[in-house]
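Asker: Have a look at the structure that comes next, please.
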Amino acid sequence: MFKDLSFSIRAESWLVVMSTESPSERQHDGISLLSLTLFTGICYGTVLTIYIQCLFSLVQSPMRQSPGQRLFFFGYTSALFILETLYAAANSRRVWIAFVINWGSPTGPTSYEISLWHDWASIVAMACYIISNWLADALMLGRCVILFRNMENTRWLIPIPCSMFFVIIGIYYDIKR
């Protein structure tokens with residue numbers, strides 16, 4: 001008997017919190033939740049498709065590559081996929097906490113989501129995002145070096161992307177200190 005009473009009291013207090021938000025605010029929160037989760041899902045689906053295509057290419061490639069080179073690219077694509085998976089999971093957790101768990105906060109879910117940037121999930125999400133971008137930039141830099149190293153009068157181009165890559169990492173390191 002008391003269990004049912006405590007549930008009804010909790011449900012009534014939940015409804016009181018829900019009624020403090022205007023219908024336009026609730027609609028804005030719903031659109032924000034839908035757009036954040038939909039965008040993350042679409043992007044993660046794209047990453048999953050590209051990962052599967054890369055693995056298929058590594059296995060079925062008719063090119064003569066050494067087993068060490070294939071193993072390197074398998075590890076590289078797997079590391080990027082793992083980082084993107086962690087990013088999608090941590091970002092979804094942050095959105096879930098802001099818009100579902102704490103949907104009735106006095107400041108609103110959107111401002112509550114902004115205050116979650118000190119949460120461990122947000123820190124993991126940003127770390128995975130930054131590291132995966134650095135890895136992707138390093139691969140593009142390696143491809144740039146391979147492309148320009150054998151061409152005449154283009155060796156002077158190699159230091160430009162290399163210096164840009166290290167400047168970006170240095171700027172981020174300087175900001176974080």
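The values are calculated or read from the model by the stated rules, or taken from the named source; none is laboratory data. What you are looking at is a predicted structure, and each value in this text was computed from that prediction instead of being measured. A quick note on method: Cβ atoms are made from the backbone with ideal geometry, for glycine too, and the neighbour counts reach across all protein chains shown. Protein only, heavy atoms only, side chains kept; ligands, DNA and RNA dropped before computing areas. Shrake-Rupley method; radii C 1.70, N 1.55, O 1.52, S 1.80 Å.
Asker: Can you give me the ranges of the helices (runs of 4 or more DSSP H) entirely in region 91-177 with at least 3 residues that are modelled with pLDDT of 80 or more and either surrounded by 13 or more Cβ atoms within 10 Å (Cβ to Cβ) or polar (S, T, N, Q) (or both)?
Answerer: On the way: elements: 109-115, 120-148, 159-176.
Those helices (runs of 4 or more DSSP H) span 120-148, 159-176.
Asker: Is region 72-81 home to any residue that is in contact with a Ser or Thr (Cβ under 7 Å, 6 or more places away or on another chain) and not in a loop (DSSP other than H, G, I, E, B)? Write out each step before concluding.
Answerer: Narrowing region 72-81 to residues in contact with a Ser or Thr (Cβ under 7 Å, 6 or more places away or on another chain): 80.
Remaining after also requiring not in a loop (DSSP other than H, G, I, E, B): 80.
Yes, that holds for at least one residue.
Asker: Kindly list the number of the only condition in (1) open to solvent by 100 Å² or more (accessible area, probe 1.4 Å); (2) among the aliphatic types (A, V, I, L, M); (3) in contact (Cβ under 8 Å) with a residue 40 or more places away in the chain that fails for LEU71.
Answerer: (3)
Asker: So how many residues does region 84-107 have that are free of Cβ contacts under 8 Å to residues at least 24 places away in the same chain and polar (S, T, N, Q)?
Answerer: So the answer is 3.
Asker: Pick from region 45-90 the residues that are of a type in the set (S, T, N, Q) and more than 22 Å from ALA138 (Cβ to Cβ): which of them is modelled with the lowest pLDDT?
Answerer: If we filter region 45-90 for residues that are of a type in the set (S, T, N, Q), which is where we start, we get 46, 49, 53, 57, 60-61, 65-66, 69, 77-78, 85.
After this cut, where a residue has to be more than 22 Å from ALA138 (Cβ to Cβ) as well, the list is 49, 60.
Numbers: THR49: 95, GLN60: 84.
Among those that are of a type in the set (S, T, N, Q) and more than 22 Å from ALA138 (Cβ to Cβ), it is GLN60.
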